[in-house]
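Right, one structure below, let's go through it.
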Amino acid sequence: MKRKDELKQTFKEAKTEAGVYQIKNSLNQKVWICSTRNLKTMNGKLFTLKLGSHMNKQLQSEWDEYGEEAFVAEVLEVLKKKEDGYFDEKDELEKLEQKWLDKLQPYGERGYHQEKKK
């Protein structure tokens, strides 16, 4: 029982990192980009793909067609948190995700995102 309590405490003390990651189809180079307040949740997104219940239908369809081996998940950037002064993590995370969307342009043949209408 003591070991279980130690593991719980370690989990509670573990520092979470926010950031942006991508799931990339290595066959056609298409990417899906997502931000999260806890990069460990990236495994949860992969699990939803394995279950066949990912929210992005195009990504799910290609996952089903090509298989898990065709995809790679990787962190693009970890959010650097300001130590002093006001810091809006959610807002900064949105900006970071937009930076990567602008940089990689994962629309149409390049990715699994729909361009936002301006």
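The values are calculated or read from the model by the stated rules, or taken from the named source; none is laboratory data. Just so you know, these numbers come straight off a predicted model, no measurement behind them. Positions of Cβ are generated from backbone atoms using ideal geometry, with glycine treated the same way; all protein chains shown enter the neighbour counts. Please note that ligands, DNA and RNA were not included when accessible areas were found on the heavy atoms of the full protein model with its side chains. Shrake-Rupley method; radii C 1.70, N 1.55, O 1.52, S 1.80 Å.
Flag: residue 20 does not match the condition of being more than 23 Å from residue 115 (Cα to Cα), in contact (Cβ under 8 Å) with a residue 60 or more places away in the chain and open to solvent by less than 70 Å² (accessible area, probe 1.4 Å). Among the residues of segment 48-80, count how many are more than 12 Å from the chain's Cα centre (by Cα) and hydrophobic (A, V, I, L, M, F, W, C). Of the residues in segment 48-80, 8 are more than 12 Å from the chain's Cα centre (by Cα) and hydrophobic (A, V, I, L, M, F, W, C).
Scanning segment 92-111 for residues that are over 17 Å from residue 17 (Cα atoms) and either surrounded by fewer than 13 Cβ atoms within 10 Å (Cβ to Cβ) or of a type outside the set (D, E, K, R) (or both) yields a count of 12. Selection within segment 69-85: residues that are within 15 Å of residue 24 (Cα to Cα) and of a type outside the set (D, E, K, R). The member of this set that is least open to solvent (accessible area, probe 1.4 Å) is 70.
Take residue 30 and decide whether it is charged (D, E, K, R) and open to solvent by less than 20 Å² (accessible area, probe 1.4 Å). Considered against the rule, which asks whether it is charged (D, E, K, R) and open to solvent by less than 20 Å² (accessible area, probe 1.4 Å), residue 30 comes out as yes. Say whether the condition of being assigned to a strand (DSSP E or B), within 20 Å of residue 96 (Cα to Cα) and in contact with a Leu (Cβ under 7 Å, 6 or more places away or on another chain) is met by at least one residue in segment 54-74. Yes. Selection of segment 100-113 for residues being out of contact with any strand residue (DSSP E or B) (no Cβ under 7 Å at 6 or more places or on another chain) and without any contact (Cβ under 8 Å) to a residue 40 or more places away in the chain yields 102, 103, 105, 108. Scanning segment 7-45 for residues that are in contact with a strand residue (DSSP E or B) (Cβ under 6 Å, 6 or more places away or on another chain), closer than 18 Å to residue 111 by Cβ and among the aliphatic types (A, V, I, L, M) turns up 20, 23, 31, 33, 42.
Checked against (1) out of contact with any strand residue (DSSP E or B) (no Cβ under 8 Å at 6 or more places or on another chain); (2) within 17 Å of residue 21 (Cα to Cα); (3) in a helix (DSSP H, G or I), residue 80 meets all criteria but (3).
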